[in-house]
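The values are calculated or read from the model by the stated rules, or taken from the named source; none is laboratory data. Quantities reported herein were computed from a predicted structural model and do not represent experimental measurements. Cβ placement follows ideal geometry from the backbone for every residue including glycine, while neighbour counts extend to all protein chains displayed. When the accessible area is computed, the model is the full protein with side chains, heavy atoms only, and any ligands, DNA or RNA have been set aside. Shrake-Rupley method; radii C 1.70, N 1.55, O 1.52, S 1.80 Å.
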Amino acid sequence: MFFTHIIHVVNPGRWQSIFVNMDCSQIKERIKSIRKSKGLTQEKMAKSLEISVNSYREIESGKTNLINTKLFKICDILEISPGKLLMGELSREEYVKEIRLLKSLHKEEMDKLEHYYKIKVAELEGEINVLKINLQTKNSIIGVLKEESQKRY
């Protein structure tokens, strides 16, 4: 069974939602496999999740909605990220593909940030030049004042 779900990912300063198609049978198999690899029983998982053993078995059998309030607790118990549970292991090529997808989704924002950065750099360079000129002017004034004070004494 496939379903579309929204996964929230952190984007600097705010949460972003991405729609992802997930295969529930793979997710339940990941839970089961990781649980077993960590030497945990269904009873231990149920107790840690504060649910009945039957309720936990329904999670692993796919009879209950997997994306519920227990998802993050399952990930904590299994010591994995929600992304690893939901998406599985990704190959290097798949990671590169995901990064390219995220870049394309956020290209407009990245372009705006780059433009903003260039403007800020130009503004700061202008301020630095003004400060340099002011410093030169002050140094010139100090030099003239020193010469005048030496002439007087």
Residues of region 24-53 satisfying the condition of being among the aliphatic types (A, V, I, L, M) and part of a helix (DSSP H, G or I): ILE27, ILE31, ILE34, MET45, ALA46, LEU49, VAL53
Candidates GLU94, GLU114, GLU148, GLU109 - the one that is farther than 30 Å from GLN42 by Cβ, open to solvent by less than 100 Å² (accessible area, probe 1.4 Å) and at pLDDT below 80: GLU94
Would you please name the residue that is modelled with the lowest pLDDT, looking only at residues in region 6-15 that are surrounded by fewer than 15 Cβ atoms within 10 Å (Cβ to Cβ) and in a strand (DSSP E or B)? TRP15
Quick check: is even one residue across region 55-71 surrounded by 14 or more Cβ atoms within 10 Å (Cβ to Cβ) and of a type in the set (Phe, Trp, Tyr)? yes
Does region 16-28 contain at least one residue that is of a type in the set (Asp, Glu), open to solvent by less than 50 Å² (accessible area, probe 1.4 Å) and modelled with pLDDT of 50 or more? yes
